[in-house]
Amino acid sequence: MSIVKEIYLSPDKAIEYVKNNINKHDLLELSYNRIYAPGEVLDISTEMDFGEEVLIVTLHLNGDMVNDVVRVNMENIKNDLIEMRHVTDEEDIVIVLTED
């Protein structure tokens, strides 16, 4: 098991982290508002939403009760993000959200 690293990022920097560092088949755990959504990344894409480019992460959720695919608009949740965990074969990084 790899060593867990912890980094502190603003919401905008956290979105940039996802865009630049997370790949298909990585494990991404999102904690936002009152939601905990752990899952395997199936896709990361950018789309236009009301004239603005947004980052969409498609996750195959893990769990005993739920096993579904969800699309998360990262721009919509960025200010509610509390923490993200990015797990690969080589790294385990906890991203703690800070205020801008």
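The values are calculated or read from the model by the stated rules, or taken from the named source; none is laboratory data. These numbers come from a predicted model, not from an experiment. Every residue, glycine among them, receives a Cβ derived from its backbone with ideal geometry; neighbour counts consider all protein chains shown. Areas reflect the complete protein model, heavy atoms only, side chains present, ligands, DNA and RNA absent. Shrake-Rupley method; radii C 1.70, N 1.55, O 1.52, S 1.80 Å.
Some points to look at:
- Subset of segment 1-15 that is assigned to a loop (DSSP other than H, G, I, E, B) and either within 19 Å of HIS60 (Cβ to Cβ) or open to solvent by less than 90 Å² (accessible area, probe 1.4 Å) (or both) - its residue that is modelled with the highest pLDDT: SER10
- Taking residues in segment 71-90 that are closer than 15 Å to HIS60 by Cα, and partners anywhere that are exposed (fewer than 14 other Cβ atoms within 10 Å of the Cβ), not one pair has Cβ atoms closer than 6 Å while being at least 6 places apart or on different chains.
- Subset tally (residues that are not hydrophobic (A, V, I, L, M, F, W, C) and not in a loop (DSSP other than H, G, I, E, B)) for segment 88-100: 1
- Residue tally, condition hydrophobic (A, V, I, L, M, F, W, C), assigned to a strand (DSSP E or B), out of contact with any Leu (no Cβ under 8 Å at 6 or more places or on another chain) and open to solvent by less than 80 Å² (accessible area, probe 1.4 Å), over segment 36-87: 4
- Looking across segment 16-35, the residues that are surrounded by 13 or more Cβ atoms within 10 Å (Cβ to Cβ) and part of a loop (DSSP other than H, G, I, E, B) come down to ILE22, ASP26.
- Total residues in segment 41-67 satisfying the condition of being over 18 Å from ILE15 (Cα atoms) and either modelled with pLDDT of 95 or more or under 16 Å from the mean Cα position of the chain (by Cα) (or both): the figure is 3.
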